[in-house]
Amino acid sequence: MHTPYLEITTKQAQLGINYYQPVMKIKQSQADVSMHQPPAKLTISHEASRLFIDQSEARADLDNKGAGRRVAEAAEQAKMTAITGISRRVREGDAMMKIENGAGAIPQIAKQNSEPNQKTPGIGYLPKNHFRVQIDYDPGSVDVNVTPQTPAIDVSINRPQIAHENWQAQIYLQQKEAINFELRDFQVDQLI
């Protein structure tokens, strides 16, 4: 058996929105800048450098000596010659005192005094070494003083130019609400 029933159908109302979003226009002009930089103050002071070169020892190696040095060297040479002469004579005297031993001291002393000293050839450099030239260098000094000057900067700001329209929203009814009633399984004049 079928029982009649009532079917209700509803539709919700629906709203629609149209937006109008215009573009905002902004124009920013460059700022006006003026700069003035005074030059820095610069002072430089210096002490001259000095170079001292002493070549007296190198010149002495070339036998280019002053009178005072020659006299001092000759005196030293004479002293050494006298000392070696005295020691030679003492040696010869000692050898002659022992002549009774039959060593032949007189011919041997005569042979030593008659033969010249043998000189051996060799290579020499003048000056004898590079340290014979004395070099003294004073580099001096340089003082640099800088006094910076601050720049003068003037800035004028230009404000931005803004052009805009208001945003708009348009609301409308997109679907109307509705309610519908319908009777189902209802039969008239039916036997039960």
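The values are calculated or read from the model by the stated rules, or taken from the named source; none is laboratory data. Treat the numbers as computed from the prediction; the structure is a model and nothing was measured. Using ideal geometry, Cβ is built from the backbone for each residue, glycine included, and neighbour counts are taken over all protein chains shown. Quick note on the areas: whole protein, heavy atoms, side chains included, nothing else; ligands and nucleic acids left out. Shrake-Rupley method; radii C 1.70, N 1.55, O 1.52, S 1.80 Å.
Summary of computed values
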{"quantity": "Test: Val142 is at pLDDT 80 or above and under 44 Å from the mean Cα position of the chain (by Cα)", "calculated": "yes"}
{"quantity": "Strands (runs of 3 or more DSSP E) within segment 125-192 that include 2 or more residues in contact with a Lys or Arg (Cβ under 6 Å, 6 or more places away or on another chain)", "calculated": "161-163"}
{"quantity": "Count of residues meeting criterion [surrounded by 10 or more Cβ atoms within 10 Å (Cβ to Cβ), in a loop (DSSP other than H, G, I, E, B) and among the polar types (S, T, N, Q)] in segment 22-65", "calculated": "6"}
{"quantity": "Filtered residue count, segment 145-192, keeping only those that are over 60 Å from the mean Cα position of the chain (by Cα) and within 30 Å of Ala40 (Cα to Cα)", "calculated": "0"}
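Here's the yes/no breakdown for (1) open to solvent by less than 100 Å² (accessible area, probe 1.4 Å); (2) out of contact with any helix residue (DSSP H, G or I) (no Cβ under 9 Å at 6 or more places or on another chain):
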residue	(1), (2)
Asn101	no, yes
Ile106	yes, no
Lys111	no, yes
Lys128	no, no
Ile135	no, yes
Ile157	no, yes
Gln170	no, yes
Glu182	yes, yes
